[in-house]
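See below for the structure under consideration.
The values are calculated or read from the model by the stated rules, or taken from the named source; none is laboratory data. If you're wondering where the values come from, they're calculated on a predicted model, not measured in any experiment. Please note: Cβ atoms are built from the backbone with ideal geometry, for glycine as well, and neighbour counts cover all protein chains shown. For accessibility, only protein heavy atoms count, side chains too; no ligands or nucleic acids. Shrake-Rupley method; radii C 1.70, N 1.55, O 1.52, S 1.80 Å.
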Amino acid sequence: MRPDQFPHTIAAGAVRFVFVVIIAGVFCLGTPGAVRAMDLMYSPDEIQRETPRLKRAVENIYHRGIAPVLSGIERHRLGQVVFQFPPPRPDSSLLNFYAYRSQGRSVVVMPVLSLKQLEDLMITYAWLQQTGHSHATIDLYYAMLKRRPKQDFPSQRYPDILTGLGVPKTAIANNKQVDATSLSLRNEAIAFVLVHELGHIFYRHKSYSEVTAAAARADELQADRFALDLMVRTDTPPMGAVVFFQAQAYAMPHRGEYPTENEWHRFLRKYSTHPLSTERIALLANVTRTAFAARRAREAATWRSIADLTVRINDILEDLEIHRCIAKVSRSISFDKLKPTRSATGLEQCLR
């Protein structure tokens with residue numbers, strides 16, 4: 001069993017990780033109304049076995065790292081914070097965290113499928129980093145999940161990322177650096193997601209069905225500010241925030257997938273509540289460049305580099321040609337390209 005620690009130092013290879021996630025792809029898959037069979041990614045036995053450990057990890061991150069730094073007004077408005085860890089369902093997506101108020105308590109819902117997939121992504125990144133393999137297979141995996149039906153995959157179901165990319169099940173047991181790096185990145189990601197959801201409760205945001213899409217997007221930005229402020233206070237690096245932003249960017253259609261500005265804004269008015277907006281990217285980059293760099297002076301140059309890379313997200317999200325290229329490659333490329341490799345996978349041509 002892996003230890004769950006808080007806080008953490010910057011993970012090895014963090015700058016490269018930002019670039020990986022920028023071009024990676026999807027956590028929550030499909031378009032509005034689409035149902036994807038993500039609940040079958042892990043067996044029921046594995047989900048049942050992993051649930052207690054992931055539950056402890058979330059609760060430890062909150063009680064040991066976040067709760068002690070909450071201000072008096074934050075404690076008052078949040079009240080008692082409790083967690084729910086629902087198992088996968090047929091309509092599950094790979095990112096479905098949310099929160100609500102109930103009987104004076106703040107309830108944060110952390111689905112086991114989402115937590116397990118997030119953890120496995122971090123293990124995959126760390127293992128590829130340590131073994132000298134290309135991170136582009138991560139990009140290809142998520143692009144394929146988004147655009148291909150489960151029947152296309154070798155097992156006729158969506159594979160978990162460790163299986164899909166050929167990462168050994170012993171990756172963390174046999175390599176202390178892989179274990180430490182992946183654990184740090186996972187906990188940073190969980191911390192951001194958790195506090196972002198608490199931000200919605202702190203500001204008493206209404207559900208998306210009760211407000212306009214524009215108002216909901218403003219709420220997302222406000223929750224981001226709340227989360228990043230707490231992460232600065234806990235001295236937790238914002239790598240999890242980058243993961244979260246990229247997941248949201250590809251969870252719903254975005255500017256780069258729409259031929260005209262009018263079509264994009266028509267979608268925003270009708271459906272979208274929390275795309276990865278320019279404002280959210282700018283906020284993350286600014287806090288990384290200033291507050292985090294100042295608090296971690298020895299790593300300041302690294303954090304400034306991360307901020308610069310984060311700003312480049314817009315260039316990819318808004319580039320129609322890049323997304324056409326990624327769509328074409330991911331729909332036609334062989335599954336053999338997901339195997340560990342030190343050479344090109346096929347998606348690199350889209351970013352030249």
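Mind checking which aspartates and glutamates have their C-alpha under 17 Å from K150, skipping anything on the same chain fewer than 8 residues away?
Result set, ordered by chain and number: D39, D91, D160, D336.
For the stretch 296-352, what does the alpha-carbon gyration tensor say about shape, rounded, prolate or oblate, given a ≥ b ≥ c as the root eigenvalues, a/c under 1.5 as rounded, and a/b over b/c as prolate?
Oblate, because a/c is 1.5 or more while a/b does not exceed b/c.
Quick one: of K55/K116; K116/K328; K116/K337; K146/K176; K176/K337, which pairs are farther than 22 Å apart, Cα to Cα?
K116/K328; K116/K337; K146/K176; K176/K337
If you count only protein heavy atoms and use a 1.4 Å probe, how large is the accessible surface of R312, to the nearest 10 Å²?
Rounded to the nearest 10, the figure is 130 Å².
Once the piece of chain linking S43 and L221 is laid out straight, how much longer is it, given 0.36 nm per residue of separation minus the C-alpha distance between them?
Net length gain for the segment: 60.5 nm.
Can you work out the FRET efficiency for the pair E59 and A344, with r the C-beta to C-beta distance and R0 = 51 Å, to the nearest 0.05?
Using R0 = 51 Å, I get an efficiency of 0.75.
Taking the full set of protein chains and a 1.4 angstrom probe, give the accessible area of T345 in square angstrom, rounded to the nearest 10.
0
For R101 and A214 in the same chain, what is the full-extension length gain: residue separation times 0.36 nm, less their Cα-Cα distance, in nm?
So the extension gain works out to 38.4 nm.
What figure, in Å² to the nearest 10, do you get for the accessible area of F335 with a 1.4 Å probe and non-protein molecules left out?
Spelled out: F335, probe radius 1.4 Å, area about 40 Å².
From the phi angles alone, apply the Karplus equation (6.51, -1.76, 1.60; θ = phi - 60°) to the stretch 45-54 and give each ³J(HN,Hα) in whole Hz, x where the residue is Gly or Pro.
Per-residue couplings from phi come out as 5, 5, 4, 5, 5, 7, 4, x, 5, 5 Hz.
For the pair A297 and D91, what calculated FRET efficiency results from E = 1/(1 + (r/R0)^6), where r is the Cβ-Cβ distance and R0 = 45 Å, to the nearest 0.05?
Efficiency for this residue pair is about 0.45.
What shape does the stretch 288-327 take by its C-alpha gyration tensor, where a ≥ b ≥ c are the square roots of the eigenvalues and a/c under 1.5 counts as rounded, a/b above b/c as prolate, and the rest as oblate?
Because a/c hits 1.5 or more and a/b exceeds b/c, the stretch 288-327 counts as prolate.
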